[in-house]
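Beneath this line is the structure, given in structure tokens, with notes to follow.
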Amino acid sequence: MLTSKQHQLLSFIDKHLRETGCSPSFEEMKAALDLRSKSGIHRLISALEERGFLRRHKHRARALEVVKLPGDLLPPQPEARKFAPNVIQGNFTPRLPGLRAEAAEAGAVSLPLYGKIAAGLPIEALRDNEETIEVPLSMLGGGEHFALTVEGDSMIEAGILDGDVVIIRRGEVAENGQIIVALVDETEVTLKRLRRKGQSIALEPANIRYEPRIFPAERVRVQGRLVALLRQY
């Protein structure tokens with residue numbers, strides 16, 4: 001059972017994450033709840049974390065993650081979205097259509113399959129018309145997810161092969177060593193391992209045939225991180 005302020009803060013954080021892809025600042029949370037000090041926000045966040053509704057990623061600024069929501073904050077189940085065939089310019093921050101009833105009953109989630117992502121040289125990703133993929137609920141945690149088909153062989157030493165489907169958890173926060181979807185210069189998308197080195201970001205392949213690519217941090221945005229992989233034989 002949440003207090004009214006805990007409920008209000010959780011709702012605000014969830015809405016901010018869905019609309020912007022990042023967690024709100026303490027100033028934004030303080031203003032939203034009409035509190036006089038940040039210490040009150042700290043106490044509310046700690047209480048929500050203890051109750052399993054929030055998770056804080058340590059050593060990362062503004063890194064809050066909504067783990068679960070009370071029933072009255074869960075979004076309604078919309079109808080499956082129909083997509084026109086067009087090209088996405090690398091920005092994978094979609095609003096997901098949610099669970100289909102039959103998928104939910106079977107213990108699976110129907111995720112949108114957003115075309116191909118390069119595991120070699122970056123390419124633009126094509127959004128396939130109405131294509132979805134069924135993913136077992138057991139493979140997913142909290143948050144929003146989408147799927148991408150891998151093209152290329154630069155991640156084979158990480159067990160990611162050409163033609164595999166990767167399941168990505170949407171977000172802008174990732175730890176060193178995690179495999180991420182990276183958006184480079186707002187146009188190119190690639191699947192690589194993340195390494196932060198001072199003010200630079202290295203996107204590392206998992207194939208000795210390829211060299212890491214190093215960019216100033218401002219040229220690279222994390223779009224999500226790998227959480228699961230599907231393969232057909």
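Counting only protein heavy atoms and a 1.4 Å probe, region 162-214 has 46 square angstrom of accessible area per residue. Rg and Dmax over the alpha-carbon atoms of region 143-233 stand at 12.5, 42 Å. For Arg18, the accessible area of its heavy atoms, probed at 1.4 Å with every protein chain present, is near 80 square angstrom. Between the beta carbons of Ser46 and Leu229, assuming R0 = 25 Å, the FRET efficiency works out to 0.10 to the nearest 0.05.
Evaluate the relative contact order of region 152-233 (contact order divided by residue number), counting alpha-carbon pairs under 8 angstrom at least 6 apart; express in whole percent.
About 40 percent, as a whole number.
In this view, the solvent-accessible surface of Lys197, computed with a 1.4 Å probe and all protein chains in place, comes to about 110 Å².
Measuring nothing but protein heavy atoms, the accessible surface of region 1-41 at 1.4 Å probe radius is 52 percent carbon and sulfur.
Cβ-Cβ distance of Glu218 and Arg18, R₀ of 25 Å, FRET efficiency by 1/(1 + (r/R0)^6): the value works out to about 0.55. Between Glu157 and Asp185, full extension at 0.36 nm per residue minus the direct alpha carbon distance yields a gain of 7.4 nm.
The values are calculated or read from the model by the stated rules, or taken from the named source; none is laboratory data. Keep in mind the model is a prediction, meaning the values are calculated, not measured. Reconstructed Cβ throughout: ideal geometry from the backbone, glycine too, with neighbour counts over all protein chains shown. Only protein heavy atoms, including side chains, enter the accessible area calculation; ligands, DNA and RNA are left aside. Shrake-Rupley method; radii C 1.70, N 1.55, O 1.52, S 1.80 Å.
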